[in-house]
Structures are given as C-alpha cells and as structure tokens.
Amino acid sequence: MSSTADLSVLDLLAAYRAGDLSPVQATRDALDRIERCDPAVNAFCLVDAERALAAARASEERWRRGEPCGLVDGVPTSVKDVLLTAGWPTRRGSPTIPAEGDWNVDGPAVARVREHGAVLLGKTTTPELAWKGVTDSPLTGVTTNPWDPERTAGGSSGGSAAAVGLGMGTLSLGTDGGGSVRIPAAFTGTSTIKPTYGRVPHHPASPFGTLAHVGPMTRSAAESALLLDVVAGADARDPWALGPLASPCTAALDAGVAGLRIAASPTLGFVDGVHPEVAAAFEAAVDVLAGLGAHVERADPGFTDPVEPFHVLWCAGAAKTIEHLGPEQRATMDPALVEIAEQGARYSALDYLTAMAVRNELGTLMGAFHARHDLLLTPTVPIPAFPGGVEVPPGWPQPRWTSWTPFTYPFNMTQQPAASVPCGFAEGLPVGLQIVGPRHADAAVLAAAHAYQQATDWHRRRPPLLNRPQPAGGG
C-alpha cells in the first residue's frame, strides 16, 4: 500500500502547495511507519506524536493561507540524539546523562529546521557519546539495518539512516566525526553529505573537536542539498562557523559533471581487502560518471593511512568527555568507550600536537591534489554491513571500528566535504560511492552526486522490510 511516507521532500512540498496533501496526513503516515517498522530496527529512542501532530497542524494552517514559513515546512524530520532539541532530553546514548533537566535549548541545526517549519517526530539512536561506526549503546540497545535486521545500520548516525531509509520521517539530522553519516548511509542505501567543517554550526562543541561535522541524512542528493541549505550558516554560539552559503546548494544541483577532472581511487593507495562486489559497484559508478562527460583519471591522493594520528585525536576527545565520571558511572558505560578514553588520557600534549601536524600536512596535500582534480571518488566503506551489536565483523583481525572505515576518517582530518550515495549491492546489501571535494566545494560534490543519481536508480530501491505484511491492527 502506498503511503506519503515514501514521498520525497519535493513531492511532499508540491502536494502541500497544491492542496492535495496536508502535513497532518504526512505526519500521521510517518508515525504509522515508525509504529510498523521501528520494532525491527530500533532507530528511535524518543517519539513524540503529540508534539509532532501539533506542529503539523500549525504547518497545515500556514499552507492553507499560502504562507509557508520555510523550505521544509511540514516535512517529517528526526534528530540524532546528540543534538540539543528543546523539550526533549539529549542523552547521547549514555546512562550517565539523566533524562531529567532543563532541556529548553535547540542546537543550531535543530533551530534552523524548526524555523523552516519542519515537523520534528523524535530523536534517533546513537552509540554512547557517538564514539564508534556502529549504533548500539547501553542505554538504547542495538540499531539494525532496514535491508537485513540482523545486520548493523552502521554509525554513529545509524538511527537516522535507518529512519530515513524506511520512511520513518523524510529527513534527519546526523553528525560525522570519522564517517558517522557516510558509513550508515552506505550500509542502508541512503544519501548524505558531510559538509565542509564549519558549514553547519554546532553547539555545544563536540568533544571530538573539529573532527565532528553536522550533516543531513536523506534518501537522495537533492534532498541533502535542500536540508544543507536549511541548516548552513552562522550561529553566534559556534566561533568556527563559516557563515552563510554564497549561493544555495540546490541552485547548483543541475551543474552536472561534464568537463570535471575526477580522480578515481579504489583503495586510496593503502586499503587492503575491499570486498569484490564493493569494488565492482565502485567501478560501475566510475563508468557512469565518465559516461556523463567527466574526465576520469585513476589517481591516489598520495598519503599513507592516518589512522594512528586520528586515534590520538579521537581517543583524547573521548577522554575529555568522560573525565568527570567516577568508577561507578564508568561501570555502566560501553566498556570499549571507557577503554579508548583511558587510552586517550595517556597521550601527552606533544602526542596531540604531533597528530595535529599530520592533520595539517594532510590538508595541504589534499589542497594540492584538488588543484589537479576537482573531485575524488572512493568506495564509502570497503565491506557490506555485518551483524549488529559488534564493533567489527566476526573474525576481523583488528578490534576497533576504524579498521574497516579507512575511506571515511581521513576526510574528517582534512575537513573536506564528502558525500555518500548508494551505488549497488554486495551480498544483497547496499554499498556506497563516496564523492570528496575540496573545502567549500559542497555544492559541486552534491551536483556530482545528483548527476549520478539522475543516471541510476540505486537510491530509489527500498528495503524489503517495507514489503512485509503488517501485523493485525497495525498502522
């Protein structure tokens, strides 16, 4: 049975404008979809139907008057539970953060979507303090994949990815400190962009510092562009914010890729063990973009794996996050998070500054690389989704999530925009194409992602979970 939950943002807005659909009906359908599908994947840690319907009724009245208040007025939207959202607790997946308190402030991105009329449905799951590339926590349990609920949705924005992939809200806000919007987008067949650092203001600042970006999670590059237009800009609370976009990303969506110099790097020069079906999907995607007129060249950026400097920055951030917690509180936390925090506490200031120097060198190298190549293509993740509830695949030789995400965290170090769009399947599960651009080239990255999606239909594929019969009395 068709549902408004399956409509794109543009289709929803066109239907509102024409008077063919009410935001109230769209919100009810999104809430029904949550009731039907979320038990299988555990994407939401909070759903507030009463507030959502109240916001939808207010939007309905604005549309009736022909006075929508913004670019996403009436669009059902969710928020990753690391972003402050007035009226709801932000527990960040941790039992150490109580639900009680004065939760009366919106973070910058949440404030922007609310100003633009979005209907906030609830908050999506995250690993504790958003520390890893899968989504499970001692507070909310395991979040799994719409394509196979036995597999992980990825992370740390796994709840947001699973939500939009199943139509449990059309849009979602996620965060990315080492791949955390791109990893789950790749695993769930959804679309995203990690914008240039500072493009979307962030408050309070992430404990992982300038590695962490706020980004849109959607079902298409066009929707990601629209949501990025909404949330980009200045906010006095974030001293690192870049300010408003020179022009909307949506205005550049149809720029295409003809004539662009694009580097294709299937391994970044150091990644071993790319799954053969992931590699094949990547090569097919490269061929599509070449067929659209891009000048594609095989080229690696020329850096070695920066995982150890990344670990210094990441683990030090984790140490700072939990430094105020005593042994009793730490005993309730994800043991692996406590482990990396203790590792981070052992680093010296010299270690940290050495890692920052590597980061600076990477940024300089990538600046020179993009003087020769407008964009860089890689797989998003080298493997398909693995069983849920574990940090690494069974039998994996390394214990940490960074060992299977080598394509994502380097571009948090360099602060570049990087999108992920679905480009095929491996073992019957979605895989992603990563499109990386120079700093500030968010619009060009999204235009390339949109051009690819105009020529393919991977982003239109829907998880089989949506075809399962509804339980008796289901929504």
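When each of Ala255, Ala225, Ala281 is tested for being in contact with a helix residue (DSSP H, G or I) (Cβ under 7 Å, 6 or more places away or on another chain), crowded, with 18+ Cβ neighbours inside 10 Å and among the aliphatic types (A, V, I, L, M), the lone residue that passes is Ala225.
Is it fair to say Ser206 is assigned to a loop (DSSP other than H, G, I, E, B), out of contact with any helix residue (DSSP H, G or I) (no Cβ under 6 Å at 6 or more places or on another chain), polar (S, T, N, Q) and surrounded by 24 or more Cβ atoms within 10 Å (Cβ to Cβ)? Explain how you work it out, then say what you get.
Numbers: assigned to a loop (DSSP other than H, G, I, E, B): yes; out of contact with any helix residue (DSSP H, G or I) (no Cβ under 6 Å at 6 or more places or on another chain): yes; polar (S, T, N, Q): yes; surrounded by 24 or more Cβ atoms within 10 Å (Cβ to Cβ): no.
So Ser206 does not fit the description; no.
Quick grid of which residues meet (1) among the β-branched types (Val, Ile, Thr); (2) touching a helix residue (DSSP H, G or I) at 6+ places or on another chain (Cβ under 9 Å); (3) farther than 21 Å from Asp374 by Cβ:
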| site | (1), (2), (3) |
| --- | --- |
| Gly178 | no, yes, yes |
| Ala185 | no, yes, yes |
| Val214 | yes, yes, yes |
| Pro244 | no, no, yes |
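Give segment 166-200 a look and list any residue that's at positive phi and in a strand (DSSP E or B), or say none.
Here is the first cut: in segment 166-200, the ones at positive phi are 167, 169, 179, 189, 198.
Those that are at positive phi and in a strand (DSSP E or B): none in segment 166-200.
Filtering segment 288-303 to residues that are outside any loop (DSSP other than H, G, I, E, B) and either small (Gly, Ala, Ser) or farther than 14 Å from Phe369 by Cβ (or both) leaves Val288, Leu289, Ala290, Gly291, His295, Val296. For first residues located in segment 441-466 and closer than 17 Å to Cys249 by Cβ, partners that are among the acidic types (Asp, Glu) and lie 6+ apart or on another chain with Cβ distances below 9 Å form the pairs Ala441/Asp374; Ala444/Asp374; Ala447/Asp254; Ala448/Asp374; His450/Asp254; Ala451/Asp254; Gln454/Asp254.
Residues that are assigned to a loop (DSSP other than H, G, I, E, B), more than 16 Å from the chain's Cα centre (by Cα) and hydroxyl-bearing (Ser, Thr, Tyr): does segment 399-410 have at least one? No; the residues of segment 399-410 include none that is assigned to a loop (DSSP other than H, G, I, E, B), more than 16 Å from the chain's Cα centre (by Cα) and hydroxyl-bearing (Ser, Thr, Tyr). Do we find a residue being without any contact (Cβ under 8 Å) to a residue 60 or more places away in the chain, under 30 Å from Thr402 (Cβ atoms) and touching a Lys or Arg at 6+ places or on another chain (Cβ under 6 Å) anywhere in segment 68-83? Checked segment 68-83: no residue is without any contact (Cβ under 8 Å) to a residue 60 or more places away in the chain, under 30 Å from Thr402 (Cβ atoms) and touching a Lys or Arg at 6+ places or on another chain (Cβ under 6 Å).
Listed by first and then second residue, the pairs with beta-carbon distance under 7 Å, at least 6 apart or on different chains, first residue in segment 322-349 and within 16 Å of Ala130 (Cα to Cα), second surrounded by 10 or more Cβ atoms within 10 Å (Cβ to Cβ) and of a type in the set (D, E, K, R), are Ile322/Arg330; Met333/Glu128; Asp334/Glu128; Ala336/Glu391; Leu337/Glu128; Val338/Arg330.
Looking across segment 415-435, just one residue is more than 23 Å from Val257 (Cα to Cα) and surrounded by 24 or more Cβ atoms within 10 Å (Cβ to Cβ), and that is Pro430.
Scanning segment 30-46 for residues that are assigned to a strand (DSSP E or B) and crowded, with 20+ Cβ neighbours inside 10 Å yields Phe44, Cys45. Figure legend. Inter-residue proximity from segment 363-376: first residues assigned to a helix (DSSP H, G or I), second residues among the aliphatic types (A, V, I, L, M) and buried (at least 23 other Cβ atoms within 10 Å of the Cβ), beta-carbon distance below 8 Å, spacing 6+ or different chains. Indicated pairs: Gly363/Met413; Phe369/Leu376; His370/Leu376.
Evaluation of Leu227 against the conditions (1) part of a strand (DSSP E or B); (2) touching a strand residue (DSSP E or B) at 6+ places or on another chain (Cβ under 6 Å) shows that the sole unmet condition is (1). Only strands (runs of 3 or more DSSP E) whose full extent lies in segment 61-165 are considered here, and the ones with at least 2 residues that are under 13 Å from the mean Cα position of the chain (by Cα) and surrounded by 24 or more Cβ atoms within 10 Å (Cβ to Cβ) are 76-80.
For the structure I just gave you, tell me whether Pro438 is surrounded by fewer than 16 Cβ atoms within 10 Å (Cβ to Cβ), part of a loop (DSSP other than H, G, I, E, B) and touching a helix residue (DSSP H, G or I) at 6+ places or on another chain (Cβ under 8 Å).
Details: surrounded by fewer than 16 Cβ atoms within 10 Å (Cβ to Cβ): no; part of a loop (DSSP other than H, G, I, E, B): yes; touching a helix residue (DSSP H, G or I) at 6+ places or on another chain (Cβ under 8 Å): yes.
So Pro438 fails the test.
Readers should treat all values here as calculations from the given coordinates under stated rules, not as data from a laboratory. Computed from a predicted model, the values in this text were never measured in an experiment. When we count neighbours, we look across all protein chains shown, and the Cβ atoms used for this are built from the backbone with ideal geometry, even at glycine.
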